[in-house]
1. Restricting attention to the stretch A:111-137, and to residues there that are at pLDDT below 90 and more than 12 Å from the chain's Cα centre (by Cα), which single residue is farthest from residue B:196 (Cα to Cα)?
2. Considering the stretch A:35-51 alone, what residues qualify as being part of a loop (DSSP other than H, G, I, E, B), over 30 Å from residue A:180 (Cα atoms) and either touching a helix residue (DSSP H, G or I) at 6+ places or on another chain (Cβ under 9 Å) or of a type in the set (A, V, I, L, M, F, W, C) (or both)?
3. Exactly one of these conditions fails for residue A:54: (1) in a loop (DSSP other than H, G, I, E, B); (2) farther than 29 Å from residue B:202 by Cα; (3) of a type in the set (Asp, Glu). Give me its number.
4. Which of (1) more than 20 Å from residue B:262 (Cβ to Cβ); (2) in a helix (DSSP H, G or I) does residue A:32 not meet, given it meets every other one?
5. Return the only residue of A:157, A:152 being surrounded by fewer than 19 Cβ atoms within 10 Å (Cβ to Cβ) and within 11 Å of another protein chain (Cβ to nearest Cβ).
6. Answer yes or no as to whether residue B:163 is open to solvent by 10 Å² or more (accessible area, probe 1.4 Å), not assigned by TED's automatic domain parsing to the domain that holds residue B:75 and not in a loop (DSSP other than H, G, I, E, B).
7. Looking at (1) part of a loop (DSSP other than H, G, I, E, B); (2) out of contact with any helix residue (DSSP H, G or I) (no Cβ under 8 Å at 6 or more places or on another chain), which one does residue A:96 not meet, given that it meets all the others?
8. Need pairs with beta-carbon distance below 7 Å; first residue in contact (Cβ under 8 Å) with a residue 24 or more places away in the chain and within the stretch B:86-106, second among the hydroxyl-bearing types (Ser, Thr, Tyr); sequence gap 6+ or separate chains.
Amino acid sequence: MASKSQKYEKFSAVFLLAGLFFLIVAFLILGLAPATQVSNIPDKVGMPTEIPGDFQKYYSSLEQYHEGLLNGRDVYISEACWHCHSQYVRPVSNETLRYGPVSQPGEYQNKLNLPQLFGTRRVGPDLSRESGKRPNDWHFVHLYNPKWVVPQSVMPQYPWYFETKKVKINDGKDERLEITPKQEAIDVVAYLQWLGLHVSSVTHKYYDNDAIVMPPRN
Amino acid sequence: MSNSNSESSLVPYGLVKAHLLISVVFVFVAVLGGMTYAMQFIDLYPFKAVEWFSPGRVRMVHTQAVAYAWIANAFFGIMYYMIPKLTNHRVLSEKLGWVVFYVYNVLILATVVLILAGFGQGLEWAETPRVLDPFIAIFVVLLVVNLVTPMWKARSKPFYVSVWYILAALIWTPLVYVMGNFLPEYVYPGSGGAAISSMYIHDLVGLFVTPIGTAMVYYLLPVLMKRPIFSHALSLIGFWGLAFFYPMNSTHHYLYSPIPMWSQYAGIIASVGVHIVVYTVVFNIVATIASDWKEAIKSTEIKFLFTGTICYLITCIQCAIQVTLSVQSIIHFTDWVVGHSHFVLFGVFSFWAFAWIYYLIPRLLNTAIYSESLKSWHFWLSTLGIFIMQFDLLSAGLVQGYMWKNLAPFIDTVAASMPFWWVRAFSGMLIFVAQVLLMINIYMTWKQSRDSAPANANLATAGA
């Protein structure tokens, strides 16, 4: 009665061979091996050694700027920006024309890439070469209300990262809204302008013409 | 079954009932999250500029609720039923089961609240906040100990196919959870972390949801059809094929990324290998149904099982096509992938779980289901919804992919996606309404069982 196949229908075979052995082999080959291989690649990027000019008014020391980059990355995670914006440029589909040079493993061996934020969907464009493509002010307006700069955008608004107050103008006759970024918004923009900072001499291409700045409607 | 006394002590019915009832609540939360998120794309978002309901956070709640609240709870409940029945041994401790039930679901609620408060983790399918990860890992291990004990006690005999799948899944799940939630978060940055994270993305579906789902069909289908499964040999090939190929699929989630290319090729080859698994399982299920086609199709439970199996076949054929590098170059990053994952987790595994819910809930509550027609509506609206969504999102993916390749300005590709996003919201609405019908039906059945509890007391508790 005991056929040969029956030993593959028992606890021990399923537990040891399927449950442990195959999984561990797969983890070693496709998880640990590539992870070890790339962890030997030196970090090409590193933390910036100076505060970029546009940010010197926001950060007084390099440590503060580094802290800001990490905080900006944390906001980027908590708002799930990475669900709609990828962070790697592929060598196919003309992506080098649209975004810039193809991504290399050495660009991601940085503490700002722990955890990695490659992303799997592009509802919005890739951000790995974002640095320098758009001015900081554009980013602040875009974060506050994306439709003010890109009318067809489907990106959500993030007004809670801004301080809004009414200011009297024209000797108190008129009122206007004054919107100023909170520290989180500054940190996020610092982070966005850091993404691809090391290759940012590659200026943006014709195909990024969605970056044309529209005047705010209000 | 005849001997209700020993039966009721063998299977922890209270636990089965609790997990299944709460899963019905969570499937509603999951589709509500998805529906709300879909509104953002068509500019009708109901909570514009509200921090706690920001679309990005709601999306994380949607995916976490699908995987850990709805599917996990339903599967836990179904396993508490299947394992004692198949091994003829009790779980280690019913008390432990209750502790796990309460703590696990409190952790799920904490996940929802913390994600909405802005504490989501930056790992796909592992957005559970970092502070909760260790606790979830501990309670998953306790659940596994509880459920593996009866299999260990029955270890001397060969098991039925469902038990192989469940046992393997229960060993895989805690290992995979620890790997995917801790290594990419704390140890490996960049591409190394991505390689491990992609393994988690794939293993959550491939090594937790798929094997337990398959086990559920292999159990329920013969019971409903009152005949054995078509081929034992095929089920053996299907299981060992899954155990060998599925864990190695991982890297196909990040093709053309900076992960070493050799591991991407390996992932692609293993993904194509999965076909051996899928065709054997699908053939086995369909052949079993085909043996008594006309009778089978009258039952809504079998309709759910059958439609789920067809969806399984379609997704897997799709998978082998989309993992090839040439197709990836177009469809990666597009809505195609979104369509694929909805088809897998809703069209396949949720459908199989619905079949189980309709089979078990009336038996657990000693009450006939409140409305057969609501049940039928639930099936047809869900089916219509998921097929429209799949077709729509695949088409959207092709449009987006080709427009990107042809260097259309990015915002033009957003504008071109708009009609597809409207159809997606419509199909989502069908799915949403269908799950409301499920909730109403189960709630009314539960209410009726409360009202007429004494009258039904001597009906058999469960069994077919």
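1. Only one residue fits best here, namely A:135.
2. In the first step, residues of the stretch A:35-51 are kept if they are part of a loop (DSSP other than H, G, I, E, B); the result is A:40-51.
From what's left, over 30 Å from residue A:180 (Cα atoms): A:40-46.
The answer is A:41, A:42, A:43, A:44, A:45, A:46.
3. (1)
4. Unmet for residue A:32, out of (1) more than 20 Å from residue B:262 (Cβ to Cβ); (2) in a helix (DSSP H, G or I): (1).
5. Residue meeting the stated conditions: A:152.
6. Working: open to solvent by 10 Å² or more (accessible area, probe 1.4 Å): no; not assigned by TED's automatic domain parsing to the domain that holds residue B:75: yes; not in a loop (DSSP other than H, G, I, E, B): yes.
Answer is no for this residue.
7. Against the list (1) part of a loop (DSSP other than H, G, I, E, B); (2) out of contact with any helix residue (DSSP H, G or I) (no Cβ under 8 Å at 6 or more places or on another chain), residue A:96 comes up short only on (1).
8. Close Cβ pairs satisfying both conditions: B:86/B:160; B:86/B:162; B:91/B:80; B:91/B:149; B:92/B:149; B:97/B:80.
The values are calculated or read from the model by the stated rules, or taken from the named source; none is laboratory data. The structure presented is a predicted model; accordingly, all values stated were derived computationally and were not measured. Note that we place each Cβ from the backbone using ideal geometry, even for glycine, and neighbour counts take in every protein chain shown. Each accessible area value is taken on the protein alone, full model and side chains, heavy atoms only, with ligands, DNA and RNA left out. Shrake-Rupley method; radii C 1.70, N 1.55, O 1.52, S 1.80 Å.
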